[in-house]
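Working notes, beginning with the structure itself.
The values are calculated or read from the model by the stated rules, or taken from the named source; none is laboratory data. Because the structure is a prediction, the values reported are computed rather than measured. FYI the Cβ positions are ideal-geometry reconstructions off the backbone, even for glycines, and counts take in every protein chain you see. All accessible areas refer to the heavy atoms of the entire protein, side chains included, with ligands and DNA or RNA removed. Shrake-Rupley method; radii C 1.70, N 1.55, O 1.52, S 1.80 Å.
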Amino acid sequence: MALAHGTLRTSPRTAHPQRLRSLHDGIAALLADHEVTGAALEAWFVHPVSRAAMGMAEARGAILVALAGAECPVREYPPTEIKKAVVGTGTADKAQVRAMVTRLCGVSPSTDHVADALAAAICDLHRAPLRAAIREAG
(Lines give C-alpha, C1' and ligand atoms only; values in the text may rest on other atoms or scores of the structure.)
Protein backbone atom coordinates (compact mmCIF):
# COMPACT_ATOMS: atom_id res chain seq x y z
CA MET A 1 0.00 0.00 0.00
CA ALA A 2 1.34 3.36 -0.96
CA LEU A 3 0.00 6.78 0.02
CA ALA A 4 0.72 9.28 -2.74
CA HIS A 5 -0.85 12.72 -3.04
CA GLY A 6 -3.81 11.83 -0.81
CA THR A 7 -4.55 8.53 -2.52
CA LEU A 8 -4.05 5.03 -1.12
CA ARG A 9 -2.84 2.84 -3.98
CA THR A 10 -2.51 -0.91 -4.23
CA SER A 11 -0.89 -2.92 -6.96
CA PRO A 12 -3.26 -4.57 -9.45
CA ARG A 13 -0.88 -7.54 -9.35
CA THR A 14 -1.74 -8.12 -5.69
CA ALA A 15 -4.52 -10.62 -4.94
CA HIS A 16 -7.88 -8.94 -4.43
CA PRO A 17 -8.37 -9.93 -0.76
CA GLN A 18 -4.92 -8.55 0.08
CA ARG A 19 -5.73 -5.30 -1.74
CA LEU A 20 -8.86 -4.92 0.39
CA ARG A 21 -6.84 -5.67 3.53
CA SER A 22 -4.26 -3.06 2.49
CA LEU A 23 -6.99 -0.50 1.94
CA HIS A 24 -8.47 -1.25 5.38
CA ASP A 25 -5.06 -1.13 7.06
CA GLY A 26 -4.12 2.10 5.26
CA ILE A 27 -7.30 3.83 6.42
CA ALA A 28 -6.84 2.44 9.95
CA ALA A 29 -3.27 3.79 10.04
CA LEU A 30 -4.40 7.24 8.91
CA LEU A 31 -7.10 7.24 11.59
CA ALA A 32 -4.54 6.23 14.23
CA ASP A 33 -2.10 8.95 13.14
CA HIS A 34 -4.60 11.81 12.96
CA GLU A 35 -7.28 13.18 15.24
CA VAL A 36 -10.28 12.40 13.05
CA THR A 37 -13.69 13.41 14.38
CA GLY A 38 -15.80 12.21 11.48
CA ALA A 39 -15.83 10.98 7.92
CA ALA A 40 -17.93 12.03 4.93
CA LEU A 41 -18.63 9.53 2.17
CA GLU A 42 -20.55 9.58 -1.04
CA ALA A 43 -23.69 7.53 -0.51
CA TRP A 44 -23.82 4.26 -2.39
CA PHE A 45 -25.37 4.33 -5.81
CA VAL A 46 -26.02 1.54 -8.27
CA HIS A 47 -23.21 1.37 -10.78
CA PRO A 48 -24.18 0.23 -14.28
CA VAL A 49 -21.29 -2.24 -14.59
CA SER A 50 -21.74 -5.06 -12.09
CA ARG A 51 -18.05 -6.02 -11.85
CA ALA A 52 -17.07 -2.42 -11.14
CA ALA A 53 -19.95 -2.13 -8.67
CA MET A 54 -18.75 -5.20 -6.77
CA GLY A 55 -15.22 -3.83 -6.48
CA MET A 56 -16.51 -0.45 -5.31
CA ALA A 57 -18.78 -2.12 -2.76
CA GLU A 58 -15.95 -4.25 -1.39
CA ALA A 59 -13.57 -1.29 -1.14
CA ARG A 60 -16.30 0.75 0.54
CA GLY A 61 -16.82 -2.09 3.01
CA ALA A 62 -13.11 -2.16 3.89
CA ILE A 63 -13.20 1.59 4.50
CA LEU A 64 -16.37 1.42 6.60
CA VAL A 65 -14.93 -1.37 8.75
CA ALA A 66 -11.79 0.70 9.38
CA LEU A 67 -13.90 3.73 10.32
CA ALA A 68 -16.09 1.62 12.61
CA GLY A 69 -13.00 0.12 14.25
CA ALA A 70 -11.84 3.63 15.11
CA GLU A 71 -15.37 4.55 16.28
CA CYS A 72 -15.33 7.34 13.72
CA PRO A 73 -18.78 8.74 12.89
CA VAL A 74 -19.65 8.44 9.21
CA ARG A 75 -21.95 10.80 7.35
CA GLU A 76 -23.09 9.91 3.84
CA TYR A 77 -24.31 12.27 1.16
CA PRO A 78 -25.88 11.56 -2.24
CA PRO A 79 -23.66 12.51 -5.19
CA THR A 80 -26.11 15.24 -6.21
CA GLU A 81 -25.94 16.84 -2.76
CA ILE A 82 -22.13 16.83 -2.81
CA LYS A 83 -22.08 18.42 -6.28
CA LYS A 84 -24.61 21.04 -5.22
CA ALA A 85 -22.59 21.95 -2.12
CA VAL A 86 -19.43 22.44 -4.16
CA VAL A 87 -20.59 23.66 -7.56
CA GLY A 88 -24.13 24.92 -6.90
CA THR A 89 -25.89 22.33 -9.03
CA GLY A 90 -26.45 18.63 -8.48
CA THR A 91 -25.85 17.90 -12.15
CA ALA A 92 -22.25 19.16 -12.25
CA ASP A 93 -19.73 17.03 -14.13
CA LYS A 94 -16.36 15.79 -12.85
CA ALA A 95 -14.46 18.69 -14.42
CA GLN A 96 -16.70 21.26 -12.72
CA VAL A 97 -16.34 19.54 -9.34
CA ARG A 98 -12.57 19.34 -9.74
CA ALA A 99 -12.33 23.02 -10.74
CA MET A 100 -14.39 24.19 -7.75
CA VAL A 101 -12.50 21.94 -5.31
CA THR A 102 -9.27 23.46 -6.63
CA ARG A 103 -10.67 26.95 -6.15
CA LEU A 104 -12.13 26.29 -2.68
CA CYS A 105 -9.17 24.34 -1.28
CA GLY A 106 -6.32 26.13 -3.01
CA VAL A 107 -4.83 22.85 -4.22
CA SER A 108 -5.24 20.94 -7.45
CA PRO A 109 -6.48 17.38 -6.72
CA SER A 110 -4.24 14.78 -8.33
CA THR A 111 -7.17 12.60 -9.47
CA ASP A 112 -10.95 12.74 -9.79
CA HIS A 113 -11.11 10.39 -6.78
CA VAL A 114 -9.20 12.91 -4.66
CA ALA A 115 -11.46 15.71 -5.93
CA ASP A 116 -14.53 13.64 -5.04
CA ALA A 117 -13.20 12.97 -1.53
CA LEU A 118 -12.48 16.65 -0.97
CA ALA A 119 -15.92 17.54 -2.35
CA ALA A 120 -17.55 15.16 0.17
CA ALA A 121 -15.59 16.86 2.96
CA ILE A 122 -16.66 20.31 1.74
CA CYS A 123 -20.28 19.15 1.66
CA ASP A 124 -19.93 17.85 5.22
CA LEU A 125 -18.48 21.18 6.35
CA HIS A 126 -21.43 22.99 4.80
CA ARG A 127 -23.79 20.81 6.84
CA ALA A 128 -21.88 21.22 10.14
CA PRO A 129 -23.73 24.38 11.29
CA LEU A 130 -27.08 22.66 10.76
CA ARG A 131 -25.93 19.56 12.70
CA ALA A 132 -24.74 21.82 15.55
CA ALA A 133 -28.04 23.71 15.66
CA ILE A 134 -30.04 20.48 15.75
CA ARG A 135 -27.80 19.12 18.51
CA GLU A 136 -28.23 22.31 20.57
CA ALA A 137 -32.00 22.28 20.09
CA GLY A 138 -32.03 18.86 21.69
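Structure values in brief
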quantity: Label-point gap, in nm, between ALA43 and THR7 - each point 7 angstrom along Cα→Cβ; calculated: 2.7 nm
quantity: Sparse-neighbour loop sites [trypsin sites (Lys or Arg not before Pro); region 86-138; at most 11 other C-beta within 10 Å; DSSP]; calculated: none
quantity: Carbon/sulfur fraction of accessible area - the chain, other protein chains in place, 1.4 Å, %; calculated: 59 percent
quantity: Net +/- balance of residues flanking ARG131 in space, Cβ distance below 15 Å, scoring K and R +1, D and E -1; calculated: -1
quantity: Segment ARG21-GLU58, length gained on full extension (0.36 nm per residue, minus Cα span); calculated: 12.3 nm
quantity: (1) 14.8, 48; (2) 15.7, 52; (3) 15.9, 48, with the label sought being that of the calculated Rg and Dmax of the Cα atoms in Å; calculated: (2)
quantity: Å² per residue, accessible surface of the chain at 1.4 Å; calculated: 65 Å²
quantity: Sum of side-chain charges, HIS24 neighbourhood, beta-carbon under 12 Å (Lys, Arg +1; Asp, Glu -1); calculated: +1
